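Just below is one structure, and these are the notes that go with it.
The values are calculated or read from the model by the stated rules, or taken from the named source; none is laboratory data. Because the structure is predicted, anything quoted here is derived from the model rather than measured. No Cβ is skipped: glycine too gets one built from the backbone with ideal geometry, and neighbour counts run over all protein chains shown.
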Amino acid sequence: MTAFGEHRSGSARTPPPNDRPPAPAPPRRPRWHALALLVGLLLTTLLLFTPSMTKTTPNHTYTYTQLLQAVSTNQVKTATIDSNGKVTGQLRNGDNYKSQIPTALRDNQLAPLLAQHNVQIKGKGPAGTTALSVIVSLLPLVFFIGVFLWLGRRARKQLTGGIMGFGGSKARLYDEDRPKTRFADVAGYEGAKAEVQEVVDFLKHPERYERVGAVGPKGVLMVGPPGTGKTLMARAVAGEAEVPFLALTGSSFVELFVGVGASRVRDLFADARKRAPSIIFIDEIDAIGGRRGGSLVSNDEREQTLNQLLAEMDGFDPATGVVVIAATNRVQTLDPALLRPGRFDRTVEIPLPNQSERAAILQVHVRDKKLAGVDLEVVARGTPGFSGADLANLVNEAAINAVRAGRDTITADDFDNARDRLLLGRRDAMNALLPDEKHAVAVHESGHAVVAALSEHADPVAKVTILPAGQALGVTQQLPEDERHLYSESYLRDSLAVRLGGRAAEVLVLGEASSGAASDLAGATELATRMVRDWGLSPRLGPIGFSNVQPDGVGVGGFARAPYAEATQQVIDEEVARLLREAEATATELLRTHRAPFDRVVESLLEHETIDGAVLLALLNDNPRDDSAPRGREPALPASGSPS
């Protein structure tokens, strides 16, 4: 069921899915293979028939008497006499002739006659036994032998490079054109840079470690959500150290045939040792480094590949200067043997960037773009939960929006529209709401906004809109004033009240709830469940926390099993329901006691369709509060202002 209203909080954001690209199709056979075969056949045919074409048959056959008469009458130009008395040559008119000297006469009479009439004698010897004729006659055989040898080598190469050569490493080498990325190109993450700086120092100055007897790190595991720049950090390490960089993904090790992955691992490390000092970068190492024995179905090929990787990392001499850097966003699935000291000595956390780091990342991505009135600090504040890849996409979407508007400069409105497009989807002007639906959405979103503005610990409201976008027909957006790292119980309870404010407003104004609160209820239920089950915020259950996913909480077939009894689950369900009922009651009471300003917000949304946080606070301040109402915080404009 599609919800007509949606509440968006700036304090959390689901990262985009990390879909793996499909495997590339096998390469087609080049067209020049067929062309080369055709040319070879034509050349072979020409070479085979060349001797027969160059060997001309005499046009005239003379008796010995006729030959003497032709010589006497100066008709003969050249003559060749072999040891058998056969005479061949050319007449002065260009025709060829042949004759035979009788055995009894030989050339006693012919030779003086030829000299007397100035006939050029080419020489004597067996016909067709010259070196050139021998070479020409052998050319077809030599050509055929060469073609067969070439085809044989090609077949062996394809065999070893195809089925038998699956074991060859598929690592992409950045050697001749080494990575130009430096730490200066990686905005933020100063702590992560300091962690990997020692890897750079070890690769550039290994003798310093040898003098002290210290061993450089063998492996560095970079852990973090998708798009946070793990690969960029690895390239920066290689660029700073100025060493060869061999990069490949974990999935490229595993093939259909058993033993191929292990062979590729051996080939990869052998290649890295030849180019030492060097860096091996394995992206998405969880493809081959998952836990062994976690399910009944065992993948022998993957486990053999992992075993070979463990042996290579534990067996090679660290003095060779080969460092393995791996990246994953699922560190909890990796085999413990891969994470022990001596293999991956260090684990570098690369989390989602905070507000200052987001501003620095945005500054990098707008270097070659023209901005007009854009405060990157405000944009960074309005993008909590965005990764580095998300911020790059945000800048690109803003530039596209400027092009769509016919401008070559990017404005703050372009960033605002780009953020809404990424979070909510494309606005569909054809998806017009009916008058009753539009009023219901305005009531729902006004409920979220008013409860958020009146709650003491809730995040400020940045914008409220009833314009349809994606699957949401309305959105209330909250942005935190500061970057949060801890969430107090009061903040969480106010967050529950804000999430249920839309449904409470529907019941209060329209007399009934609707399906528009589906996403709000799902989010509130998930938050309340974590409060009770994970964070120990239930007096009835006590200070007990049950993690949703435990490393050893895997049953038969790989299905997760709950680490608590069914009776405990019943208590958790009852406490979650209690928290949600209390949050709804709080939201209803706030809206009831502030009904007049709430109605003004609804009317403003129906008129303007979108209002920002400043307008919302002005509407709430127009009417003084009822002294009997619960005293929340006084509505105040956020210090940094609402984002444009």
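Structural remarks
- Given (1) in contact with a Leu (Cβ under 8 Å, 6 or more places away or on another chain); (2) surrounded by 15 or more Cβ atoms within 10 Å (Cβ to Cβ); (3) at pLDDT 90 or above, index of the condition residue 381 fails: (3)
- Selected residue (only one of 504, 497, 524 is assigned to a helix (DSSP H, G or I), at pLDDT 90 or above, touching a Lys or Arg at 6+ places or on another chain (Cβ under 7 Å) and of a type in the set (A, V, I, L, M)): 524
- Qualifying residue in the stretch 394-414 (condition: hydroxyl-bearing (Ser, Thr, Tyr) and surrounded by 24 or more Cβ atoms within 10 Å (Cβ to Cβ)): no
- Matching entry among 310, 296 (being modelled with pLDDT of 75 or more, farther than 22 Å from residue 237 by Cα and aliphatic (A, V, I, L, M)): 310
- A Cβ distance below 6 Å, combined with a sequence gap of six or more or placement on separate chains, defines the contacts here; from the stretch 566-580, residues that are acidic (Asp, Glu) reach residues that are part of a helix (DSSP H, G or I) in the pairs 575/532.
- Qualifying residue in the stretch 350-364 (condition: closer than 21 Å to residue 184 by Cα, free of Cβ contacts under 8 Å to residues at least 60 places away in the same chain and outside any helix (DSSP H, G or I)): no
- Condition met for residue 306 (crowded, with 23+ Cβ neighbours inside 10 Å and in a helix (DSSP H, G or I)): yes
- When the stretch 438-481 is filtered for residues that are in a loop (DSSP other than H, G, I, E, B) and either without any contact (Cβ under 8 Å) to a residue 24 or more places away in the chain or farther than 22 Å from residue 354 by Cβ (or both), the ones remaining, listed by number, are 455, 456, 466, 467, 468, 470, 471, 473, 474.
- Check on residue 364, surrounded by fewer than 17 Cβ atoms within 10 Å (Cβ to Cβ) and within 25 Å of residue 231 (Cα to Cα): yes
- Criterion: crowded, with 23+ Cβ neighbours inside 10 Å and on the phi < 0 side of the Ramachandran plot - qualifying residue of 216, 261, 229, 290: 261
- When 332, 363, 355 are screened for being within 30 Å of residue 290 (Cα to Cα) and among the polar types (S, T, N, Q), only 332 passes.
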